[in-house]
Amino acid sequence: MNVVAWLSPCTTISSPNIFSCCSAISCQAESSLTTTTATAIRPAVILPGLGNNTNDYEKLALILKGYGVPTAIAKVSRIDWLRNAAGLLDTNYWRGTLQPRPVLDWYLKRIDEAVSEAKELAQGESGTLSLIGHSAGGWLARVYLQEFGSSDISLLLTLGTPHLPPPKGLPGVIDQTRGLLYYVEKNCGKAVYSPELRYVCIAGRYIQGSRFFDSSSTYSSEVMDGAEQPMSEVAAVSNTNAETETGSTFRTRFVGQGYKQVCGQADVWGDGVVPEVSAHLKGALNVTLEGVYHSPVGSDDATRPWYGSPAVVEQWIRHLLV
């Protein structure tokens, strides 16, 4: 995220290169949900991430429709994000205590419009919807649920979303959201995984960052402690896509500094933008995908797949179909 831009048993799946590991709790939850009587597949709403636009997700929408999932995308253009500059006029921005409203009312309105569109795609079927939030779209979905209610939503699936606010008091770490994630953590509903509402948080492990200097960090253990979740699943698409550069390079240091702004630690794994530990939430079903890049912009289905690439969607589509 950029300040200026802002201004456990193991079971084998069919493919030999793919495996899934989940805790007993998450396996039990999955089992109870899949035994429920299925009706029509829920429509889905895709929520673009910071700096992205609607067109970036057209291919993902087509893939989902291929699985029988009626899909709407929130109408967002790249220039729309400049609306966030209004936050500069709020003294809370400079204090680091900014709140989502009214600065992000425009985005919440786009979510609500897309939800209405998805309901029309249901063709009169009564039921609930799935929200798919990419990057910042994931935590903005949480704000939407808090402000507009969750009665129409039964699944929030987030893709590379920086859910957790950065730690306070660390040298060189600046909250890129100027307090927004602290607000979300304090005021928005906690993640749950129940038949009524399920949170599924997907993280990518594309590249490991590194520090500028190989000094020890007192925050390492805190980051790892934060990663311990009561329900988790790990699925590897293929390790061939993950960047495994030996030693520190300019690229890993650059990526690491980005990770540090998000979670306080540089030498962690992530999708190239969001650290794995920041993309998971306590109480959710947390999934990690190997070799998955953060953004549709700059991705390549063969060499640099992102969360919406066909082979990656195949690993999380089942959450939309139950």
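State whether one or more residues within the range 195-204 are assigned to a helix (DSSP H, G or I), surrounded by fewer than 23 Cβ atoms within 10 Å (Cβ to Cβ) and acidic (D, E).
Initially, the range 195-204 is screened for residues assigned to a helix (DSSP H, G or I), giving none.
Checked the range 195-204: no residue is assigned to a helix (DSSP H, G or I), surrounded by fewer than 23 Cβ atoms within 10 Å (Cβ to Cβ) and acidic (D, E).
For the range 144-165, name all the residues that are open to solvent by less than 10 Å² (accessible area, probe 1.4 Å) and farther than 17 Å from S116 by Cα.
Of everything in the range 144-165, those that are open to solvent by less than 10 Å² (accessible area, probe 1.4 Å) and farther than 17 Å from S116 by Cα turn out to be L157, T158, L159, G160, T161, P162, H163.
With of a type outside the set (V, I, T) and touching a Pro at 6+ places or on another chain (Cβ under 6 Å) as the only criterion, which of L164, L181 stands out?
On the way: L164 fails: touching a Pro at 6+ places or on another chain (Cβ under 6 Å).
Exactly one residue qualifies, and that residue is L181.
How many residues does the range 278-322 hold that are open to solvent by 20 Å² or more (accessible area, probe 1.4 Å) and out of contact with any strand residue (DSSP E or B) (no Cβ under 8 Å at 6 or more places or on another chain)?
Result for the range 278-322: 12.
Output the qualifying pairs, or none if there are none: Cβ atoms under 6 angstrom, residues six or more apart or on different chains, first residue in the range 72-99 and assigned to a helix (DSSP H, G or I), second residue of a type in the set (F, W, Y) and surrounded by fewer than 15 Cβ atoms within 10 Å (Cβ to Cβ).
Going by the 6 Å Cβ cut-off, the qualifying pairs are R83/W106.
Would you check if G49 is farther than 14 Å from L121 by Cα and in a loop (DSSP other than H, G, I, E, B)? Give the derivation first.
Numbers: farther than 14 Å from L121 by Cα: yes; in a loop (DSSP other than H, G, I, E, B): yes.
Judged against the criteria, G49 is a match.
Assess whether P167 counts as being over 15 Å from L47 (Cβ atoms), assigned to a loop (DSSP other than H, G, I, E, B) and in contact with a helix residue (DSSP H, G or I) (Cβ under 8 Å, 6 or more places away or on another chain). Even if it seems obvious, please write down each step before you answer.
On the way: over 15 Å from L47 (Cβ atoms): yes; assigned to a loop (DSSP other than H, G, I, E, B): yes; in contact with a helix residue (DSSP H, G or I) (Cβ under 8 Å, 6 or more places away or on another chain): yes.
Against the criterion (over 15 Å from L47 (Cβ atoms), assigned to a loop (DSSP other than H, G, I, E, B) and in contact with a helix residue (DSSP H, G or I) (Cβ under 8 Å, 6 or more places away or on another chain)), P167 qualifies.
I want to confirm something. Restricting to the range 62-86 and keeping residues that are within 19 Å of N52 (Cβ to Cβ) and of a type in the set (G, A, S), which single residue is modelled with the lowest pLDDT? Walk me through how you get there before you give the answer.
Here is the first cut: in the range 62-86, the ones within 19 Å of N52 (Cβ to Cβ) are 62-64, 71-85.
Checking the rest, the ones that are also of a type in the set (G, A, S) come to 72, 74, 77, 85.
Working: A72: 96, A74: 97, S77: 92, A85: 76.
Among those that are within 19 Å of N52 (Cβ to Cβ) and of a type in the set (G, A, S), it is A85.
Going residue by residue through the range 4-26, is there one that turns out to be surrounded by 13 or more Cβ atoms within 10 Å (Cβ to Cβ), at pLDDT 50 or above and not in a loop (DSSP other than H, G, I, E, B)?
No - not one qualifying residue is present in the range 4-26.
Among the listed residues R110, R83, which satisfies the condition of being charged (D, E, K, R), open to solvent by 10 Å² or more (accessible area, probe 1.4 Å) and under 19 Å from the mean Cα position of the chain (by Cα)? Show your work before the answer.
Numbers: R83 fails: under 19 Å from the mean Cα position of the chain (by Cα).
Exactly one of R110, R83 is charged (D, E, K, R), open to solvent by 10 Å² or more (accessible area, probe 1.4 Å) and under 19 Å from the mean Cα position of the chain (by Cα), namely R110.
Residues of the range 52-71 being assigned to a strand (DSSP E or B) and out of contact with any helix residue (DSSP H, G or I) (no Cβ under 7 Å at 6 or more places or on another chain), which ones? Don't jump to the end; show me each part of the working.
Quick first cut of the range 52-71, residues assigned to a strand (DSSP E or B) only: 71.
None; the set is empty.
Determine which member of the set I132, I174 is among the β-branched types (V, I, T), within 15 Å of I73 (Cβ to Cβ) and either part of a helix (DSSP H, G or I) or out of contact with any His (no Cβ under 9 Å at 6 or more places or on another chain) (or both).
Details: I174 fails: within 15 Å of I73 (Cβ to Cβ).
Result: I132 is the single residue among I132, I174 that is among the β-branched types (V, I, T), within 15 Å of I73 (Cβ to Cβ) and either part of a helix (DSSP H, G or I) or out of contact with any His (no Cβ under 9 Å at 6 or more places or on another chain) (or both).
Looking only at the range 153-170, count every residue that is under 25 Å from D90 (Cα atoms) and out of contact with any Cys (no Cβ under 9 Å at 6 or more places or on another chain) and tell me the total.
Count: 4.
The values are calculated or read from the model by the stated rules, or taken from the named source; none is laboratory data. The structure displayed is predicted, hence computed values, not measured ones. All Cβ positions, even for glycine, are placed from backbone atoms using ideal geometry, and neighbour counts span all protein chains on display. Heads up: the accessible areas ignore ligands, DNA and RNA and are worked out on the full protein's heavy atoms, side chains in. Shrake-Rupley method; radii C 1.70, N 1.55, O 1.52, S 1.80 Å.
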